[in-house]
Amino acid sequence: MYCLGIESTAHTFGASVVTDKGEILSDVRDVYHSAPGTGIHPREAAEHHSEVAAQVVAGSLTKAGIRASELDGVAVALGPGLGPCLRVGATIARSIATYFHLPLLSVNHAIGHIEIGSLTTGAKDPLVVLVSGGHTAIAAFSGGQWRIFGETEDITLGNLYDMFAREIHLPSPAGPQIEKLADKSRNFVPLPYVVKGNDVSYSGLLTASLAKLRSGATLEDVCYSMQEVSCAMLAEATERSLAYTRKQEILLTGGVAANRTLQSKLSEVAGLHDAVCHTVAQTYTGDCGAQIAWTGMLALRAGETTSPDEARVKPRWRLEDARISWRNESS
Ligand code: AMP
Ligand code: MG
């Protein structure tokens, strides 16, 4: 069986074809880049997606070596994300499904990050640490749904890095730039560390990091300290969730999973609890069609299809509200 997956929730328009055996036959992407000093402009990003969509979808089928008529389903990320961007993917997926009489699969983008992580790392029943531009959440599967054990109370970890970079006009993508600058320092400047219960809060850390820069600290020292503090906060919240859920695996997924400081802190936490830390390979940390195609395949196999009339975008779709019928606690 073949499933085409379409991703268009934010900066990336991606399309991928996967098989029911979990083979990723193609994963084609085109990323919208905003000008330095600015964030994603939803309308411009949506225009970008419309311009590249046909080429990306066709490229993905060609790379997979199949024709659209050979597909068994079309999956699309209907949320969470930016409305104008989501509508591009939804329109294309509905059209392909209707024209070729294919089942349509509605995928929650965050679940996509979890399922591509599980597929590619072999994680079975992990405590998930999902860190991206749109999410900072600690989740575990329990009682038939994903449940949030901790999350950010304000901006995400990806936002922290991106907004800091934007303020000082660093080129995008911001995360890797900050990591590179941080590598050049081991001089810690004190910054606010805010963990509330099992939640983290990063907005004060952003303000304080920018203030340190203005008062004369070097960019390298601030990047190093901001990265240390932000990752340590999340590691503390993760450790508490791990102790509570007694999961034996951590799955680190989403764009910020590429960060080596975060990887090392979470590996340390896992080690303290005799657990294993799986980190998604860099190819699949960022947004991509493969995360949607594979989650769509799981939904297809479970008979969870959506009719094109009901496939409306859900910009604020939380991961704990997604219906998951293909997973059990120890799957
Ligand atoms: P996503 O929304 O899943 O595509 O993830 C994008 C986010 O990951 C952005 O906020 C990037 O700044 C961030 N990111 C990418 N690579 C790194 C890295 N090496 N360290 C920290 N953040 C990163
Ligand atoms: Mg994402």
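The values are calculated or read from the model by the stated rules, or taken from the named source; none is laboratory data. Every value quoted in this text rests on a predicted model; they were computed, and no experiment measured them. A quick note on method: Cβ atoms are made from the backbone with ideal geometry, for glycine too, and the neighbour counts reach across all protein chains shown. For the accessible areas, the whole protein counts, side chains as well, though only heavy atoms, and no ligand, DNA or RNA atoms are used. Shrake-Rupley method; radii C 1.70, N 1.55, O 1.52, S 1.80 Å.
Within segment 179-190, the set of residues being open to solvent by less than 40 Å² (accessible area, probe 1.4 Å) and either under 22 Å from residue 132 (Cβ atoms) or within 16 Å of ligand 2 (Cβ to nearest atom) (or both) comprises 179, 181, 182. Within segment 311-331, one or more residues are among the small types (Gly, Ala, Ser), open to solvent by less than 30 Å² (accessible area, probe 1.4 Å) and over 18 Å from the mean Cα position of the chain (by Cα). Number of residues in segment 157-178 that are in contact with a Ser or Thr (Cβ under 8 Å, 6 or more places away or on another chain), near ligand 1 (Cβ under 10 Å from one of its atoms) and open to solvent by 10 Å² or more (accessible area, probe 1.4 Å) equals 2.
Just to verify a result, which residue in segment 35-65, among those that are open to solvent by 30 Å² or more (accessible area, probe 1.4 Å) and among the hydroxyl-bearing types (Ser, Thr, Tyr), is farthest from residue 294 (Cα to Cα)? The residue in question is 38.
Summed over segment 175-232, residues that are of a type outside the set (A, V, I, L, M) and part of a helix (DSSP H, G or I) total 21. Return yes when residue 147 is farther than 20 Å from residue 79 by Cβ, open to solvent by 60 Å² or more (accessible area, probe 1.4 Å), among the charged types (D, E, K, R) and touching a residue at least 24 places away in the same chain (Cβ under 8 Å) and no when it is not. So residue 147 fails the test. A residue that is at pLDDT below 95 and in contact with a Lys or Arg (Cβ under 9 Å, 6 or more places away or on another chain) occurs nowhere in segment 267-282. Residues that are open to solvent by 10 Å² or more (accessible area, probe 1.4 Å), away from ligand 2 (no atom under 16 Å from the Cβ), in contact (Cβ under 8 Å) with a residue 24 or more places away in the chain and part of a helix (DSSP H, G or I) within segment 236-268 comprise 236, 239, 240, 243, 244, 245, 260, 261, 265, 268, listed in sequence order. Scan segment 129-174 for residues that are of a type in the set (A, V, I, L, M), assigned to a strand (DSSP E or B) and within 20 Å of residue 223 (Cα to Cα) and the total you get is 1. For segment 95-114, the set of residues classified as more than 16 Å from residue 14 (Cα to Cα) and either open to solvent by 10 Å² or more (accessible area, probe 1.4 Å) or touching a Lys or Arg at 6+ places or on another chain (Cβ under 7 Å) (or both) consists of 95, 98, 99, 100, 101, 102, 103, 104, listed by residue number.
When residue 119 is tested against (1) in a helix (DSSP H, G or I); (2) in contact with a Gly (Cβ under 7 Å, 6 or more places away or on another chain); (3) open to solvent by less than 20 Å² (accessible area, probe 1.4 Å), exactly one condition is not met: (3).
On the stretch given as segment 224-234, residues that are buried (at least 20 other Cβ atoms within 10 Å of the Cβ) and farther than 20 Å from residue 282 by Cβ total 5.
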